[in-house]
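*Asks:* Take a look at the following structure, please.
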Amino acid sequence: KARLFSGMQPSADSLQIGNYIGALMQWRTMQDTYDAFFTVVDLHAITVPQDPKELREKTRRTAAQYIAAGIEPAKSTLYVQSQVPAHAELAWILSTVTGFGEASRMTQFKDKSQRYGADKASVALFTYPVLMAADILLYQAKVVPVGDDQKQHVELTRNLAERFNARFGQTFTIPDPVIQKDTARIYDLQEPTSKMSKSAESQAGVLYLLDDINVTAKKIMRAVTDSDGIVRYDRENKPGVSNLLTIYAALTGRQIGAIEDEYAGRGYGDFKKGLRDVIVAEFEPVRARALELLEDPAELDRLLGANAARASEVAEKTLAQVYERVGLLRAP
Ligand code: TYM
């Protein structure tokens, strides 16, 4: 089986529907065909300030949501990034073949550093994509399923792998990003021209998997639409309605056209109620299962630890080869 690698940051108490549709749903189906590694990337999360106690809890919560959404630890390797030291070690090596200029071109760094200000943005926020490259390359992953905001980082990963291979000899598999075109970007319900994000400043337009179902229902009913009252996909002129249609289609597996037809001549109220029912039915079992898993944190920690040991075996092999290639003197 070919290798697959992907991960999410434990940067909030709950994942949001963009993570679910843009990534988790793909992970769930792909785990059957690939030898998959799914990581909770806590080392990435600390590139911006985190409360230590909360970080540990968010890490567990993220892992619990992977499992609740259908990632099976018996099939896939599901672990916490910091428990496999090779990630940080390879990131250092890769940073030696990363150009300052190419790292400076990463748009996510530009966005985030603007938000924190040049003095408050950490060096780690800048080198973040290099750690992400290490994640992927350690496992010789062939495919990396992500939303489109991560595409540039996977491109950088490819460049670093090719450069390293050219300089030191064939070492890394060149990974391909796998991006589901229709669902690669889910937008904020209150601001349907910006990407939905779990760490958004305002939560009013973000649908969290672990939110109380009534809160989620309210957010859907209050989603921004437009004044023409027609349920029709038109990203340019009707971003709010188009986003809701995208979510509806993704969760039901139906064509957008069929949903438009169903709601033809009916108002946005009806459409939103329909969508609310779809989302509630999807979220409810995931939420219940995640909360159940979180009632026994010791068991969850044991499972993650065992999976980290499995991941380490693969990762250490790649790292040893890299150290050898680069010319680091090893202890006999
Ligand atoms: P993160 O935690 O921001 O997001 C996790 C995954 O969810 C996708 N995503 C979305 N997809 C559609 N619409 C949205 N609004 C939306 N928001 C988020 C992301 O594209 C991602 O696939 N740097 C990564 C984590 C990471 C990683 C990796 C991913 C670290 N190492 C190696 C893949 C491979 C991140 O911050 O994702």
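*Asks:* Of 237, 307, which residue is in the same structural domain as residue 82 (by TED's automatic domain parsing) and not β-branched (Val, Ile, Thr)?
*Replies:* 307
*Asks:* Please tell me if residue 21 is away from the ligand (no atom under 11 Å from the Cβ), more than 23 Å from residue 172 (Cβ to Cβ), out of contact with any Phe, Trp or Tyr (no Cβ under 9 Å at 6 or more places or on another chain) and aliphatic (A, V, I, L, M).
*Replies:* So residue 21 does not fit the description; no.
*Asks:* Suppose we filter 174, 136 for residues that are over 30 Å from residue 239 (Cα atoms) and without any contact (Cβ under 8 Å) to a residue 40 or more places away in the chain; which single one remains?
*Replies:* 174
Yes or no, residue by residue, for (1) of a type outside the set (Lys, Arg); (2) under 24 Å from residue 2 (Cβ atoms); (3) assigned to a loop (DSSP other than H, G, I, E, B):
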{"residue": "111", "(1), (2), (3)": "yes, no, no"}
{"residue": "118", "(1), (2), (3)": "yes, no, yes"}
{"residue": "137", "(1), (2), (3)": "yes, yes, no"}
{"residue": "144", "(1), (2), (3)": "yes, yes, no"}
{"residue": "172", "(1), (2), (3)": "yes, yes, yes"}
{"residue": "193", "(1), (2), (3)": "yes, no, yes"}
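*Asks:* Okay, next question. With the requirement that a residue be surrounded by fewer than 22 Cβ atoms within 10 Å (Cβ to Cβ) and either in contact (Cβ under 8 Å) with a residue 40 or more places away in the chain or near the ligand (Cβ under 7 Å from one of its atoms) (or both), what does the range 180-203 give you?
*Replies:* Selection gives 180, 182, 183, 184, 185, 193, 195, 197, 199.
*Asks:* A further question follows. Which of the residues that make up the range 146-170 are in contact (Cβ under 8 Å) with a residue 24 or more places away in the chain, part of a helix (DSSP H, G or I) and near the ligand (Cβ under 10 Å from one of its atoms)?
*Replies:* 148, 149, 150, 151, 153, 157
*Asks:* What's the number of the only condition in (1) in contact with a Lys or Arg (Cβ under 7 Å, 6 or more places away or on another chain); (2) part of a helix (DSSP H, G or I); (3) closer than 23 Å to residue 208 by Cα that residue 125 fails to meet?
*Replies:* Tallying (1) in contact with a Lys or Arg (Cβ under 7 Å, 6 or more places away or on another chain); (2) part of a helix (DSSP H, G or I); (3) closer than 23 Å to residue 208 by Cα, residue 125 fails exactly one: (3).
*Asks:* Looking at this structure, is residue 75 of a type in the set (D, E, K, R), under 21 Å from residue 311 (Cα atoms), out of contact with any Phe, Trp or Tyr (no Cβ under 8 Å at 6 or more places or on another chain) and surrounded by 12 or more Cβ atoms within 10 Å (Cβ to Cβ)?
*Replies:* It is true that residue 75 is of a type in the set (D, E, K, R), under 21 Å from residue 311 (Cα atoms), out of contact with any Phe, Trp or Tyr (no Cβ under 8 Å at 6 or more places or on another chain) and surrounded by 12 or more Cβ atoms within 10 Å (Cβ to Cβ).
*Asks:* Filter the range 1-50 for residues that are of a type in the set (Val, Ile, Thr) and touching a residue at least 40 places away in the same chain (Cβ under 8 Å); which is nearest to residue 61 (Cα to Cα)?
*Replies:* Top of the filtered list is 40.
*Asks:* Separate question: Could you check the range 30-95 for helices (runs of 4 or more DSSP H) lying wholly inside it with 3 or more residues that are more than 30 Å from residue 321 (Cβ to Cβ)?
*Replies:* 52-68
The values are calculated or read from the model by the stated rules, or taken from the named source; none is laboratory data. A quick note: this is a predicted structure, and the numbers were derived from the prediction, not measured. Methodologically, a virtual Cβ is constructed for each residue, glycine included, from the backbone with ideal geometry; neighbour enumeration extends over all protein chains shown.
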